[in-house]
Amino acid sequence: VQLQAFGGGFVQAGGSLRLSCAASGRTFSSYAMGWFRQAPGKVRELVAAINWSGGSTYYADSVKGRFTISRDNTKNAVYLQMNSMKPEDTAVYYCAADYNRGVVTTAKAYNYWGQGSLVTVSS
């Protein structure tokens, strides 16, 4: 599966952005999806993950209550709605896919990665 993330940009603290990730292939619903981010000088971290149906999700503590992951299997897409954004959310955001129907929370498990989308939050 090939992934393409878009929707990043510049936003002021307290604002919102929505990232989208478009996937190729006919078996999108067989993949667990995740959003990761990597800030300058830091390790890539999992932000949110979702199972094949969208019925189960996982969020990093740092984004709980502010970010929402969702997917639309009819459109082969996964989304990350980011609200109440903070300067520490500034990073390159990546979507990733793993051929697994559960919620996958380890980066090593993901086999497919998008190219990244830069999000900058100003204070």
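Considering only protein heavy atoms and a probe of 1.4 Å, how much of the accessible area of segment 46-123 is carbon and sulfur, as a whole percent? Walk me through the numbers on the way to the answer.
Working: 1790 of 3750 Å².
Using a 1.4 Å probe with all protein chains present, segment 46-123 comes out at 48 percent carbon and sulfur.
Compute the semi-axes of the equivalent ellipsoid of segment 1-92, taking the square root of 5 times each eigenvalue of the Cα gyration tensor, and list them largest first in whole Å. It would help to have the intermediate numbers written out before the result.
On the way: eigenvalues 103, 36, 32 Å².
Over the Cα atoms of segment 1-92, the semi-axes work out to 23, 13, 13 Å.
At 7 Å along the Cα-to-beta-carbon direction for both Ser122 and Ser84, put a label point, then send me their distance in nm to one decimal.
Rounded to a tenth, the inter-label distance reads 2.3 nm.
Can you pull the one-decimal nm distance between simple spin-label points at Thr74 and Gln115, each 7 Å off the Cα toward Cβ?
Between Thr74 and Gln115, the simple spin-label model gives 2.9 nm.
Taking trypsin sites (Lys or Arg not before Pro) as exposed when DSSP calls them loop (any state but H, G, I, E, B) and at most 10 other Cβ atoms lie within 10 Å, what is the longest stretch of the chain free of them, the sites themselves excluded? Before the final figure, lay out the partial values.
Details: sites that count: Arg26, Lys42, Lys64.
Answer from the scan: 65-123.
For Ser53 and Ala13, calculate 0.36 nm times their separation in residues minus their Cα-Cα distance, and state this gained length in nm to one decimal.
On the way: separation 40, 0.36 × 40 = 14.40 nm, distance 3.19 nm.
That pair, Ser53 and Ala13, stretches by 11.2 nm at full extension.
Report the extension gain between Lys108 and Ser30 in nm, rounded to one decimal, defined as 0.36 nm multiplied by the number of residues separating them, less their alpha carbon distance. Could you put the intermediate results ahead of the total?
Details: separation 78, 0.36 × 78 = 28.08 nm, distance 1.80 nm.
Full extension of this stretch gives 26.3 nm more.
Which whole-number value in Å² is the accessible area per residue of segment 67-123, probe 1.4 Å?
On the way: 2770 Å² over 57 residues.
Using a 1.4 Å probe on heavy atoms only, each residue of segment 67-123 averages 49 Å².
Using alpha carbons only, how many angstrom separate the centre of segment 64-122 from the centre of segment 1-35?
Result: 6 Å between the Cα centres.
The values are calculated or read from the model by the stated rules, or taken from the named source; none is laboratory data. The structure displayed is predicted, hence computed values, not measured ones. Reconstructed Cβ throughout: ideal geometry from the backbone, glycine too, with neighbour counts over all protein chains shown. For accessibility, only protein heavy atoms count, side chains too; no ligands or nucleic acids. Shrake-Rupley method; radii C 1.70, N 1.55, O 1.52, S 1.80 Å.
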